[in-house]
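Beneath this line is the structure, given in structure tokens, with notes to follow.
Since every read-out is calculated from the coordinates, none of them should be taken as a lab result. In this text, all values refer to a predicted model and were calculated from it rather than measured experimentally. Every residue, glycine among them, receives a Cβ derived from its backbone with ideal geometry; neighbour counts consider all protein chains shown.
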Amino acid sequence: GQQLNQSPQSMFIQEGEDVSMNCTSSSIFNTWLWYKQDPGEGPVLLIALYKAGELTSNGRLTAQFGITRKDSFLNISASIPSDVGIYFCAGKSGTASKLTFGTGTRLQVTL
Amino acid sequence: EAGVAQSPRYKIIEKRQSVAFWCNPISGHATLYWYQQILGQGPKLLIQFQNNGVVDDSQLPKDRFSAERLKGVDSTLKIQPAKLEDSAVYLCASSLDGGYTEAFFGQGTRLTVV
């Protein structure tokens, strides 16, 4: 099945730094979702985006729905140790409503 | 509000045995999803239910996997017989409807086939 491409695959940053990651697709989506997954747990929803160009924030997290509808971006400002985990993007098309997941970005935060 | 409940959390079986997983979605959520997540990969949709009807099962290996959602609430996913490559985390998720609303995940069941 199709998967969205996320980059970078992994990141090692220092506490306090800002983080940027993106997700690209060959297909157009009408909804973009960003999830965080901790070891041994299911993905937890962080941000949902419903309109092209939309910019939405959730605390230190900001995500954008790309104008082309084929990409999305997630930024984390002033990272802290609990930001460690795997971040997944997921896209839904309007008709099928099938949720397709990206390949994930693994984030490590050092003190 | 209670989240998506899954059981068991862990299961170890031998190849060719059968196994079943159970999911109880968030109350009132019409759409239920089963995902397979192999180590190091993103979740892959196996089957999607809208109430008790199947919306998408195009990626479900139907020769060995089956799922049902009787009465449009709880769901079970079964594997019979299991293969080594079925080792993965099986995630259940639910959403209010299948359109534009967000999907919420359970903790998953980690299956190891030896």
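So, counting K/R as plus one and D/E as minus one, what does the shell of residues with Cβ under 14 Å around B:K44 add up to? Once positives and negatives cancel, what remains is -3. Taking a sphere under 13 Å around the Cβ of A:K36 and counting the other residues whose Cβ falls inside, with K and R at +1 and D and E at -1, yields a net charge of -1.
In this structure, the amide hydrogen of A:T31, modeled 1.01 Å from its nitrogen in the peptide plane, lies closer than 5 angstrom to those of A:K92, counting only residues at least 5 positions away or on a different chain.
Placing +1 on each Lys and Arg Cβ and -1 on each Asp and Glu Cβ, with no other charges, gives the protein assembly as shown a dipole about its Cα centre of roughly 620 debye. Both radii come from the Cα set of the range A:1-63: Rg as radius of gyration, Rh as Kirkwood radius; their ratio Rg/Rh reads 0.96.
The value of relative contact order for chain A, using C-alpha pairs under 8 Å at least six residues apart, is 37 percent.
For the range A:7-111, the residue among A:M21, A:T68, A:I80 whose Cα projects farthest onto the positive side of the dipole built from Cβ charges is A:T68. Taking every residue in A:99-107 and counting other chain Cβ atoms within 10 Å of its Cβ, the average works out to 4. Compute the Cα gyration tensor for chain A, then decide on rounded, prolate or oblate, letting a ≥ b ≥ c be the square roots of its eigenvalues: rounded whenever a/c is under 1.5, prolate when a/b is larger than b/c in the other cases, and oblate in all that remain. Judged from the Cα gyration tensor, chain A comes out prolate (a/c at least 1.5, a/b above b/c).
Net charge near A:L46, counting Lys/Arg +1 and Asp/Glu -1 over other residues with Cβ under 14 Å of its Cβ? Spell out each step's value before the answer.
Details: positive: A:K36, A:R60; negative: A:D38, A:E41, A:D83, B:E102.
The answer is -2.
Comparing B:I38, B:I12, B:I79 in a Gaussian network model of chain B (Cα springs below 10 Å), the most mobile by mean-square fluctuation is B:I12.
Where does each of A:66-73, B:30-37 land if you order them by average Cβ count within 10 Å, highest first?
Details: A:66-73: 17.5, B:30-37: 23.1.
Going by the mean number of other Cβ atoms within 10 Å, highest first, we get B:30-37, A:66-73.
Charges were assigned to the Cβ only: +1 to each Lys and Arg, -1 to each Asp and Glu. The resulting dipole of the range A:53-108 about its Cα centre is roughly 180 debye.
Note on the range B:40-92: percent of Cα-Cα distances in each 10 Å bin, starting at 0 and stopping at the bin with the largest distance, equals 22, 55, 21, 1. Using Cα springs under 10 Å in a Gaussian network model of chain A, which residue among A:E15, A:E41, A:E54 shows the largest mean-square fluctuation? Its mean-square fluctuation being the largest, the pick is A:E41.
Both the radius of gyration and Dmax for the protein assembly as shown are 17.4, 50 Å, in that order, over alpha-carbon atoms.
Charges were assigned to the Cβ only: +1 to each Lys and Arg, -1 to each Asp and Glu. The resulting dipole of the range B:4-114 about its Cα centre is roughly 400 debye. Working note: Debye formula, equal point scatterers on the alpha-carbon atoms of chain B, no solvent; log10 I(q)/I(0) at q = 0.11, 0.15, 0.20 Å⁻¹ is -0.31, -0.58, -1.03. Each Cα pair under 8 Å and six or more residues apart adds its sequence gap; the mean of these over the residue count of chain B is a relative contact order of 37 percent.
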